[in-house]
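Working notes, beginning with the structure itself.
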Amino acid sequence: MNTIKLELEKALGASAQEQLQKIAPEVEKAIATLYEGNGVGNDFLGWLNLPAEIDHKFLTDIETTANSLRRKCRFVVVIGIGGSYLGAKAVIDALSSTFASYDANAKTQVLFAGHNIGEDYLADMQEFLKDKEFGIINISKSGTTTEPAIAFRLLKQQLENQVGKGEAQRRIVAITDASKGALRTLADNEGYKTFVIPDNVGGRFSVLTPVGLLPIAVAGFDIRVLVAGAQNMMQQCKTAPFESNIAAQYAAARNILYRDGKKIEILANFNPKLHYLAEWWKQLYGESEGKEGKGIFPASVDFTTDLHSMGQWIQEGERTIFETVISVENVNNTLVIPTDKEDLDGLNYLAGKRVDYVNKMAELGTQMAHVDGGVPNIRIVIPAVRENCLGALIYFFEAACAISGYTLGVNPFNQPGVEAYKKNMFRLLEKPGVK
Ligand code: PA5
């Protein structure tokens, strides 16, 4: 089961139903625009039915490629930035053992590069990979993004030096456009195995394409279950009426709160494995909604860690925020707090209780405190951090984002603002042809 629950009572208060009914016609119009495909950005709706279009043959191709990389490589470097890495990173971090990277016996591990231009980062990586068996998945939809291109040039040369050009060709996979861009040309010239990012799927909506699925499969996780979770959620989002459609309700609540002056949404988790899910979510909502002088600013915190850093601000700072908590019903382990004969730390009152019970009480206590402090609280409850739930959660957030963006009155599928820094950077770097 991957049933995700959405709780809005602590966000919209006693008049929740009234407020939802008021905004319902606008949200329903946004939903109609989305599914009829007649809104702005409608050439980027490939993600909408994507889970249903994924077939056995395609998944087998991904799995076969992943297994071949796993057989050869102890480390696989996923090169990409923004939507070309965040989804995979989010899912892999959520499903991996927290300390897997310190485990010398762990199977193939996925590393990430090309999401910054840190010389030290890349030098550290090169040093680390020296004499190690590694491979590369190079991901760029446009095929021209500077950050991944630099990382790829460096790591490709290193790999060729370490294993020879022929073997390097067998250890490099490119995921890019079907026909255009520098990465497509390079991949075709070098004879790399390639996967295509469909034209009509934007970067931040591409987790369920090879962009997310191949790295996740390389990390050893079950992409079929992930996709099944997304398929299930896709059906729910498509068929449920407004009142029971959680994507529509989340989109509605966000717009109600935004209109009421709540300009910042803080996505909170009480499970540190979800840190990168929030990073992925920030990109999804930030790039989709932040335009034309509009849009909720997406922020994130990891609780209880950040209650000791951001807790004060959230409790008593400017009242322009609301909180969306991803709550995990069941953790994957059982850990009981032991009794201590001396009880010097005074913790015996918790002896015999599960760590997760304490965490849940922290979650409840935080919700009560923040709501009392004037911070509306949305709860998204997932059964567990497992492939099927993550697949469902990803699709839920994507659908809600599109509905929310249309309700806000923006094109949720473009990102014109991202070009501004690039223009200046290219000019400063004296890139040929840039004035
Ligand atoms: O969501 C987006 O479209 C962007 O964040 C891109 O994913 C990001 O800029 C990377 O682009 P590309 O895959 O073309 O290298």
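The values are calculated or read from the model by the stated rules, or taken from the named source; none is laboratory data. All figures in this text were calculated on a predicted structure; none of them were measured in a lab. All Cβ positions, glycine included, derive from the backbone under ideal geometry; neighbour counts span all protein chains shown. Quick note on the areas: whole protein, heavy atoms, side chains included, nothing else; ligands and nucleic acids left out. Shrake-Rupley method; radii C 1.70, N 1.55, O 1.52, S 1.80 Å.
One table, with the values for the structure above:
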| quantity | calculated |
| --- | --- |
| Computed over the stretch 243-390, Kirkwood Rh from alpha-carbon pairs, angstrom | 16.9 |
| Sequence of Met425, Met361, Met368 from largest to smallest accessible area, 1.4 Å probe | Met368, Met361, Met425 |
| Approximate shape of the stretch 31-116 as ellipsoid semi-axes (Cα gyration tensor, √5λ), whole Å, largest first | 32, 17, 12 |
| Area accessible to solvent at Leu186, 1.4 Å probe radius, in Å² | 60 |
| Under Karplus coefficients 6.51, -1.76 and 1.60, residue-wise ³J(HN,Hα) of the stretch 275-280 in Hz, glycine/proline x | 3, 6, 4, 5, 5, 4 |
| Residue-normalised accessible area of the stretch 59-163, given per residue in Å² at a 1.4 Å probe | 46 |
| Computed over the chain, the ratio Rg/Rh where both radii use C-alpha atoms and Rh is Kirkwood | 0.98 |
| The stretch 214-275: C-alpha gyration tensor shape, a/c 1.5 cut-off, then a/b vs b/c | oblate |
| Accessible surface ranking that places the most exposed of Asp302, Asp131 first, with a 1.4 angstrom probe | Asp131, Asp302 |
| Relative contact order %, the stretch 28-149, counting alpha carbon pairs below 8 Å whose residues are six or more apart | 34 |
| Helix axis angle, 119-129 relative to the chain longest principal axis, alpha carbon, degrees | 70 |
| Taking the convex hull of Cα positions in the stretch 147-285, its mean projected area over all directions (nm²) | 11.9 |
| Folded to 0 to 90 degrees: helix 223-239 orientation relative to the chain principal axis, Cα | 50 |
| Over the stretch 1-47: Rg over Rh, Cα atoms, Kirkwood Rh | 1.12 |
| Residue pairs, from the table Lys238/Lys263; Lys141/Lys435; Lys263/Lys294, whose Cα atoms sit over 18 Å apart | Lys238/Lys263; Lys141/Lys435 |
| Candidates per GluC sites (Glu not before Pro) in the stretch 277-338, loop by DSSP, up to 14 other Cβ within 10 Å | Glu292, Glu318 |
| Gain on full stretching of the segment that runs from Glu190 to Leu428 - 0.36 nm per residue minus C-alpha separation | 82.6 nm |
| Distance violations [Cα-Cα > 30 Å] among Lys89/Lys165; Lys180/Lys431; Lys165/Lys282 | Lys165/Lys282 |
| Cα long-axis angle, helix 387-408 against the chain (0 to 90 degrees, to the nearest 10) | 80 |
| 222 nm mean residue ellipticity, helices alone, for the chain (DSSP H n ≥ 4; -39,500 (n - 2.57); rounded to 500) | -15500 deg cm²/dmol |
| Distance in nm between pseudo-label sites at Asn330 and Gln157 (7 Å out along the Cβ direction from Cα) | 5.2 |
| Per-q log10 I(q)/I(0), the stretch 300-374, q = 0.18, 0.26 Å⁻¹ (Debye; single scatterer per alpha-carbon; no solvent) | -0.84, -1.21 |
